[in-house]
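Let me begin by presenting the structure, written as structure tokens, before commenting on it.
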Amino acid sequence: MIRYVFFLVMYTSLAMAQVTDTLPERAINKDSIRYTNLKMRMSKTKFSRAVYRLLFRDVYNQGQVSEVKEIETNPFTPYEGMIINHIIVKQLNILGQSVYDTARTGNQLERFLSKSMHTNTREGIIRRSLLLFEEGDEIRAQVFKDNERLLRANKLIVDARIEVIPRKDVTWQADVMVIIQDAWSLNFSGSFSNFNKFGVGLDNINVSGTTHSQLTAIRWNGLDTLNKFQFRTIYTVPYIGKTFITGQARFIYENDLKEKSIRFNRSFLTNETKYAGALEAGIIKNRQYKREVDDPSKEIRFSTSYNYYDFWIGRSFRFPFENKIFNKNSRFITAFRYNKYDYIERPEVGPNLNRIYWDKSATLLSLGYSNRNYKRDVLIYGFGRTEDVPVGNLLSITFGRESTEFGDRGYSGIQFAKGLYLPQKMGYLYGLFNYGSYYKSGLAQQGVISGQVNYFSPLIPFKYSFFRQFITMKYTNGYHRDPLDYINISGNQGIRGINSDELIGTKKFTLGLETVFFSDKSILGFRIAYFVFADLGLVDGPKSLWNGPLYQGYGLGFRFKNENLTFNTFQLRIGYYPNIPNNTTLWRFAADGNTPLRLRDFDISAPSIVPFQ
């Protein structure tokens with residue numbers, strides 16, 4: 001434990017500036033000169049030279065601009081059909097190296113900390129569980145491209161590249177080099193008010209290089225009348241063997257949540273994945289804090305407790321013909337799901353009351369079409385790492401039957417999504433439409449219509465850095481919902497920076513605007529991004545959604561992130577909220593961890609009920 005604390009202290013002295021590979025050449029040259037001049041000034045004494053080596057490194061000379069910008073082509077196509085002779089796994093230090101500059105060795109302190117404070121993922125596990133190919137296989141360009149993407153998507157890995165090295169003596173064979181740079185595996189958390197109220201947590205995402213992850217957290221509050229001691233532990237085993245099945249066990253004992261559950265899951269990782277599914281079972285107890293939509297000032301508290309199990313399996317089929325519509329990345333997918341929920345504690349229920357708390361079992365079937373592809377980009381939600389942007393579309397129809405303690409009812413739903421890079425380099429656009437409803441005796445129950453549009457602009461140069469514009473619109477209309485079944489537009493659901501129980505209803509419209517400036521500066525290894533935002537939201541209204549007050553939030557702030565660490569992005573934000581109900585402070589300041597967003601994929605998973613959110 002002491003050595004990890006030592007690492008965290010020493011790490012704040014390192015410069016890990018990760019510069020995007022898309023900087024203009026003239027900007028690279030000018031910044032190289034600027035830092036070279038600084039280096040010369042700080043080389044006059046032994047002490048200043050040591051300070052420079054700790055705080056800076058020559059990052060502007062690493063990588064090639066074209067390597068990440070070539071997003072339209074599959075780099076493995078020229079090697080299609082060649083036989084893999086030998087696979088070489090090259091693991092980089094977590095500090096001081098880059099997958100785009102493997103010759104860089106880092107300074108002496110970086111090499112020492114990488115070797116002594118971190119255990120790299122075991123090579124045997126990489127070969128057995130993280131690669132989709134083996135020695136002796138034919139090179140399939142799409143499989144290699146998918147595998148590179150899956151490696152980058154793994155939270156254990158900062159970045160990854162796969163290189164094909166043709167053999168000179170045997171022209172139909174090639175060696176394959178897999179270059180992987182691990183992320184720092186230990187995350188600490190904690191809080192301390194006094195010795196009678198404190199908490200501590202440790203999240204190890206790569207236990208001893210096995211890829212297993214364990215989250216353990218405890219809290220103590222001697223004044224708490226419910227539970228003085230609170231505890232949670234979650235253990236995850238990703239990609240068991242060569243099955244690509246992930247297993248997870250959860251044990252949580254806290255005031256508002258008590259859970260014991262186990263889950264096994266395998267998703268449609270790539271277009272080539274034929275089978276996917278999951279099996280989950282558990283016991284959950286929740287403390288619920290609800291409001292009445294007609295009178296949000298009134299709080300209702302109750303507990304729910306239930307046993308459940310959930311199973312689904314899906315099969316992907318390649319279309320027997322290829323054309324522009326049903327191309328090689330398209331799949332037809334069928335899936336079956338069965339789940340059952342038995343309540344032990346709950347509020348009062350009836351034939352038309354609190355249907356979300358009924359004892360029930362559901363049988364669902366889905367039929368879907370999915371077309372998936374990915375393009376590489378940078379500086380979207382990351383701070384310089386390669387990001388794989390999904391492009392394609394999906395259409396899924398779900399139908400089935402639910403058996404409840406008050407009789408049976410049917411269900412049907414539809415989902416359509418599409419994402420693409422706009423022509424003329426105008427940015428990326430994603431759209432999603434959902435509809436779903438239960439039916440009984442010809443009448444709809446608990447229906448949802450929802451839509452979402454996401455847009456981000458191309459990188460716009462600004463001096464020697466870049467900025468992007470982000471736009472998010474969401475609309476939800478819930479009909480024939482129960483009194484305790486509603487949506488909220490505060491926080492991550494609409495207006496960031498506030499948490500109001502009075503912004504509730506069954507219909508909502510939100511608009512979020514954000515401009516992010518990705519600075520070329522870094523502070524002690526953490527890249528900086530500045531942002532300004534405006535969030536607008538409507539939720540129900542006296543007569544209709546559109547006649548209600550327009551709730552607003554405006555603000556600015558900046559984010560810190562080091563891609564070599566698995567910490568959430570640290571964020572400082574100040575916001576102005578002119579008309580939030582019962583908001584006694586118009587200005588709010590927040591310092592928190594911001595979980596990086598990920599673009600939604602176009603894989604079809606379990607048949608599901610359209611979420612009301």
Considering (1) of a type in the set (A, V, I, L, M); (2) more than 29 Å from PHE264 (Cα to Cα); (3) in contact with a His (Cβ under 6 Å, 6 or more places away or on another chain), say which one ALA174 fails and leave the rest.
(3)
Would you say LEU150 is modelled with pLDDT of 85 or more, buried (at least 16 other Cβ atoms within 10 Å of the Cβ) and under 28 Å from ALA217 (Cα atoms)?
no
Restricted to the range 377-412 and to residues being surrounded by fewer than 19 Cβ atoms within 10 Å (Cβ to Cβ) and touching a helix residue (DSSP H, G or I) at 6+ places or on another chain (Cβ under 9 Å), the residue nearest to ASP146 (Cα to Cα) is THR404
Can you report the number of residues in the range 351-373 which are among the charged types (D, E, K, R) and in a loop (DSSP other than H, G, I, E, B)?
1
Test: residue in the range 381-399 that is hydroxyl-bearing (Ser, Thr, Tyr) and part of a strand (DSSP E or B):
yes
Please pick out the residue among ILE234, ILE284 that is of a type in the set (A, V, I, L, M) and not assigned by TED's automatic domain parsing to the domain that holds ILE487.
ILE234
Those residues of the range 278-292 which are touching a residue at least 40 places away in the same chain (Cβ under 8 Å) and surrounded by 17 or more Cβ atoms within 10 Å (Cβ to Cβ) amount to ALA278, LYS285, LYS290, ARG291
Looking at GLU502 and the list (1) surrounded by 14 or more Cβ atoms within 10 Å (Cβ to Cβ); (2) under 30 Å from ASP310 (Cβ atoms); (3) modelled with pLDDT of 85 or more, which single condition is not satisfied?
(2)
Taking the range 528-557 as the search range and keeping residues that are aliphatic (A, V, I, L, M) and at pLDDT below 90, which one is farthest from the chain's Cα centre (by Cα)?
LEU545
Determine whether LEU131 is modelled with pLDDT under 90 and closer than 23 Å to GLN91 by Cβ.
no
Could you tell me whether LYS155 is at negative phi and either in a helix (DSSP H, G or I) or of a type in the set (A, V, I, L, M, F, W, C) (or both)?
no
Anything in the range 428-453 that is surrounded by fewer than 18 Cβ atoms within 10 Å (Cβ to Cβ), in contact (Cβ under 8 Å) with a residue 12 or more places away in the chain and among the small types (Gly, Ala, Ser)? List them, or say none.
GLY431, ALA444, GLY451
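State all residues of the range 229-239 that are of a type outside the set (Ser, Thr, Tyr) and surrounded by 14 or more Cβ atoms within 10 Å (Cβ to Cβ); if no residue qualifies, say none.
Selection gives GLN230, PHE231, ARG232, ILE234, VAL237, PRO238.
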Need pairs with beta-carbon distance below 8 Å; first residue in contact (Cβ under 8 Å) with a residue 24 or more places away in the chain and within the range 203-223, second assigned to a helix (DSSP H, G or I); sequence gap 6+ or separate chains.
GLY209/ILE125; THR210/ILE125; THR211/ILE125; THR211/SER129; THR211/LEU130; SER213/VAL207
If we take the range 191-297, then strands (runs of 3 or more DSSP E) inside it with 1 or more residues that are in contact with a Pro (Cβ under 7 Å, 6 or more places away or on another chain) are 245-253, 275-292
Just to be sure before I move on: is GLN424 part of a helix (DSSP H, G or I) and not assigned by TED's automatic domain parsing to the domain that holds LYS145 in the structure I sent?
yes
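The values are calculated or read from the model by the stated rules, or taken from the named source; none is laboratory data. All figures in this text were calculated on a predicted structure; none of them were measured in a lab. Cβ atoms come from the backbone with ideal geometry, glycine included; neighbour counts cover every protein chain shown.
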